[in-house]
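These notes concern the structure reproduced below.
The values are calculated or read from the model by the stated rules, or taken from the named source; none is laboratory data. Only a predicted model underlies this, so the values are computations on that prediction, with no experimental measurement involved. Here the Cβ is made from the backbone with ideal geometry for all residues, glycine too, and neighbour counts use every protein chain on show. The protein model used for the area step is the full one, side chains on, heavy atoms only, and it has no ligands, DNA or RNA in it. Shrake-Rupley method; radii C 1.70, N 1.55, O 1.52, S 1.80 Å.
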Amino acid sequence: TCLAIDSAGRKWVGTVRGVTVLDDGGTPADRSDDRGASFGTHDGLADETVNSLRIDEEGRVWFATSGGLSVLAPGPDPFDASDDVWTSFKTADGLLADASQGVAVDEAGRVWIGARGGVSILDFGVSLSAREDDAWTRIGSEHGISSSTTCYGVTFRAGTAWIPTSKGLIALGGAATPSDASDDRVTTFVTSDGLLGSNVRAVSFDSAGIASCAVLPGGLSRLDFAGTPSDKSDDSWASYVVEGWLPGADVRTVLAEEGVTWTGSSGLTAFGGGRIARFNVGIPLALDRADAGVLWVATTGGLTALDDARTPFDTADDMVTFFSASDGLPVGYGRAVSVDPQNRVWVATSAGIAMLDPMGTPHDKSDDRWAVFTTSDGLASNNANALVADGDRRVWIVHESSSVSCLDHGGTPFDKADDMWVLFGEGSPIGSASGYSVVVDTAGVKWFGLCPGLFAFDDGGTL
């Protein structure tokens, strides 16, 4: 998801499963002298989904994660964990939101953290471990950033903080004194100014001071603001695009709805009527829409609830909530998702299947109820590749190397006492196979995409 190189040439790589540091010995093509180490929540990382990282002048590595802000002081040798010092910050400490999207460090050593709703700025004073001298500042609604706007990070240039957001590019003058609002100057650039789209994911400057903006979907927008970011009259724009609307050729999932087609490849894209929208929900592997209107997305980072208010091309009213292993999933990687008629959400993972009942409030986790099913309950294998909810009481699951399981929970998924399991493998017409997809058609026929073929099964309604 992100990468930075420290003063010793080591590469720090953020992923959806933690952080890796690589020392290639100065010979990237020769792996024989490589050294590597990885870090996760067990080491001190706030969350294993790392969205951004930066290295400050003291060699500390800052991580914006989906569960808070973390910083590692690795000592002289990052491959020796004995002298590592980890510190994390969450909303209780002063962070705007735990789900942090970007992190940057300014010349004064202040840390800027982008999130949904604005930017948090941390001045940790003399010591990271002493919280009593921490000073927090927020860039938010008073600067024109709405609560639904996601700020992806900050880039500094000549006293101006440039903030790429889901609703355009913001230039904040007076960045050298963030706690003094009197000298702030806010300029927002949107599509009517020259941007290819409103969802600006990153910005970088060349030696001439021209800003290159990564726009998703769309391409690259370049802005020459003639050294006057708050004066648009002398601006000039150039755009670079690639024809087509798919963000990548590796399409993993698709969901067709009236007027819009959703595809999951390197990102989630909605396309219809010549319009395109791109959503930051991770790498989607499966999609399903609940009757209540929420689009549920199984991703490489877990599970996402996207409420697009049935207006996919207007992102201003969107609400997004992320679920990971810390919420109730058996592992933070969702392979498939299916919503039953009661709006309960079933998720296939490599460590069993999970069921989430959001109790009608998918964006409020306080009343959530979770259930997890594994081989100890009756599942043929914990390694589940896909699943589908069949009415109010049955769930069909296909596995890697273990064919098919069916759970009949009798409409009471939280009461396992009355569960019935039926397994199809050796001795059944399917035999021992690996399954990758399953769907139930309107006639009740179950279709299994297995290796070595496509199987249709009619149980006559009597499992």
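Within the span defined as segment 404-423, every residue fails to be open to solvent by less than 50 Å² (accessible area, probe 1.4 Å), within 20 Å of Thr253 (Cα to Cα) and either at pLDDT 95 or above or part of a loop (DSSP other than H, G, I, E, B) (or both).
Rundown of residues vs (1) among the charged types (D, E, K, R); (2) in a strand (DSSP E or B); (3) within 18 Å of Val154 (Cα to Cα), yes/no style:
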{"residue": "Ala37", "(1), (2), (3)": "no, yes, no"}
{"residue": "Gly44", "(1), (2), (3)": "no, no, no"}
{"residue": "Leu53", "(1), (2), (3)": "no, yes, yes"}
{"residue": "Glu58", "(1), (2), (3)": "yes, no, no"}
{"residue": "Trp62", "(1), (2), (3)": "no, yes, yes"}
{"residue": "Leu69", "(1), (2), (3)": "no, yes, yes"}
{"residue": "Asp77", "(1), (2), (3)": "yes, no, no"}
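Which ones in segment 102-146 are among the polar types (S, T, N, Q) and at pLDDT below 90? Outline the logic, then answer.
Of the residues in segment 102-146, the ones among the polar types (S, T, N, Q) are 120, 127, 129, 137, 141, 146.
Ser127, Ser129, listed by residue number.
As for segment 122-136, it holds no residue that is open to solvent by less than 20 Å² (accessible area, probe 1.4 Å) and either touching a Lys or Arg at 6+ places or on another chain (Cβ under 6 Å) or not hydrophobic (A, V, I, L, M, F, W, C) (or both).
Taking segment 384-431 on its own, how many of its residues are among the charged types (D, E, K, R) and within 17 Å of Phe448 (Cβ to Cβ)?
At the first step, the residues of segment 384-431 found to be among the charged types (D, E, K, R) are 390, 392-394, 400, 408, 415-416, 418-419, 426.
Adding the requirement that they be within 17 Å of Phe448 (Cβ to Cβ) leaves 390, 394, 400, 426.
Number satisfying all stated conditions: 4.
The residue of segment 297-312 that is nearest to Phe323 (Cα to Cα), among those that are open to solvent by less than 10 Å² (accessible area, probe 1.4 Å) and out of contact with any Gly (no Cβ under 9 Å at 6 or more places or on another chain), is Ala305.
Working only within segment 95-108, note down all residues that are of a type outside the set (A, V, I, L, M) and either surrounded by 17 or more Cβ atoms within 10 Å (Cβ to Cβ) or under 15 Å from the mean Cα position of the chain (by Cα) (or both).
To start, the set of residues in segment 95-108 that are of a type outside the set (A, V, I, L, M) comprises 98, 100-102, 106-107.
If the condition is that a residue be of a type outside the set (A, V, I, L, M) and either surrounded by 17 or more Cβ atoms within 10 Å (Cβ to Cβ) or under 15 Å from the mean Cα position of the chain (by Cα) (or both), then Asp98, Ser100, Gln101, Gly102, Asp106 are the ones that fit.
Looking only at residues that are among the aliphatic types (A, V, I, L, M) and open to solvent by 20 Å² or more (accessible area, probe 1.4 Å) in segment 1-22, which one is modelled with the lowest pLDDT?
We begin by selecting, within segment 1-22, every residue among the aliphatic types (A, V, I, L, M); these are 3-5, 8, 13, 16, 19, 21-22.
Going one step further and asking which of them are open to solvent by 20 Å² or more (accessible area, probe 1.4 Å), we end up with 3, 5, 8, 13, 16, 22.
Details: Leu3: 96, Ile5: 96, Ala8: 93, Val13: 98, Val16: 90, Leu22: 97.
Across segment 1-22, the extreme among qualifying residues is Val16.
Among the residues making up segment 23-45, those that are under 20 Å from Gly282 (Cβ atoms) and open to solvent by 50 Å² or more (accessible area, probe 1.4 Å) are Ser38, Thr41. Of the residues making up segment 108-127, those that are without any contact (Cβ under 8 Å) to a residue 60 or more places away in the chain, assigned to a loop (DSSP other than H, G, I, E, B) and not β-branched (Val, Ile, Thr) number 5. Applying the criterion of being touching a Pro at 6+ places or on another chain (Cβ under 9 Å) and part of a loop (DSSP other than H, G, I, E, B) to the residues of segment 170-225, the residue that is nearest to Ala316 (Cα to Cα) is Asn199.
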